[in-house]
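For reference, the structure is listed below as structure tokens.
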Amino acid sequence: MRIFFLMQLLFCFCALNAAQSVAMPKAVRIYFEQEKTLSLLDEKIRGKGIIVSDGNRIRWEITEPFKSVCIFDGSDAVQYEFENGRWRALKENRRLAEIFKRIKSVISGNVDEMGGAFDAAVSDGGKTVVLKPSNDAAAAFVSSIRIEKNSDGEIAALSIDDPNGDSTHLKFLKVEKDPKDLEKAFDKSEFAPK
């Protein structure tokens, strides 16, 4: 399930790039709320998290309903879960590192390998961008992505519809551009056994 959330994050960044009128700074901290609707179970899963990137490294953290952190250092990804009052490192996952490499490419603007994944339609005076997959690889994960911007033209929310009828809504609570204390986000000492 957590790999799936990362895959959706990858498509979100690809979609943001495809929208072209939405630019992400290289160094960013994004606080978000997420609501996933599971059509089969008629159930909603709510969560909160933080994404931090300096253009090369990425920290993807879920703070609710569970605690999980993935840190990508530019080549390898390490995932930690909080269980029984302490952090536990999970086994190395090469697929996770590949997903982060693609996210990094999108964040840094090197999206040649992602080019052509979505067709965009802009409405509401540029405040809404709806993206539909233009190839089978993207269509396997996403039916459509809706990007909503606030009055300042910054991203306010993303809605992702899956081919199986599920949907995910991400609300960007706060976007900090060029945050000053990035090194702390990538310091793995917080996960060391105590």
Report summary line: Checked the stretch 125-181 for anything of a type in the set (S, T, N, Q) and closer than 24 Å to Glu64 by Cβ; matches are Asn150, Ser159, Ser167, Thr168
Query raised in the report: Are there any pairs, at least 6 apart or on different chains, whose C-beta atoms fall under 9 Å, with the first in the stretch 121-137 and more than 16 Å from Ala156 (Cβ to Cβ) and at pLDDT 80 or above and the second part of a strand (DSSP E or B) and of a type outside the set (Ser, Thr, Tyr), and if so, which?
Result: Lys132/Phe118; Lys132/Asp119; Lys132/Ala120; Lys132/Ala121; Lys132/Ile145
Report summary line: When (1) polar (S, T, N, Q); (2) at pLDDT 80 or above; (3) surrounded by fewer than 17 Cβ atoms within 10 Å (Cβ to Cβ) are applied to Thr168, the one that fails is (3)
Query raised in the report: Scanning the stretch 88-106 for residues that are closer than 23 Å to Asp162 by Cβ and of a type in the set (A, V, I, L, M), which turns out modelled with the highest pLDDT?
Result: Leu96
Query raised in the report: Is it true that some residue in the stretch 54-61 is part of a loop (DSSP other than H, G, I, E, B), at pLDDT below 85, surrounded by fewer than 18 Cβ atoms within 10 Å (Cβ to Cβ) and among the small types (Gly, Ala, Ser)?
Result: yes
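The values are calculated or read from the model by the stated rules, or taken from the named source; none is laboratory data. Because the structure is a prediction, the values reported are computed rather than measured. Cβ: placed from backbone, ideal geometry, glycine included. Neighbour counts: every protein chain shown.
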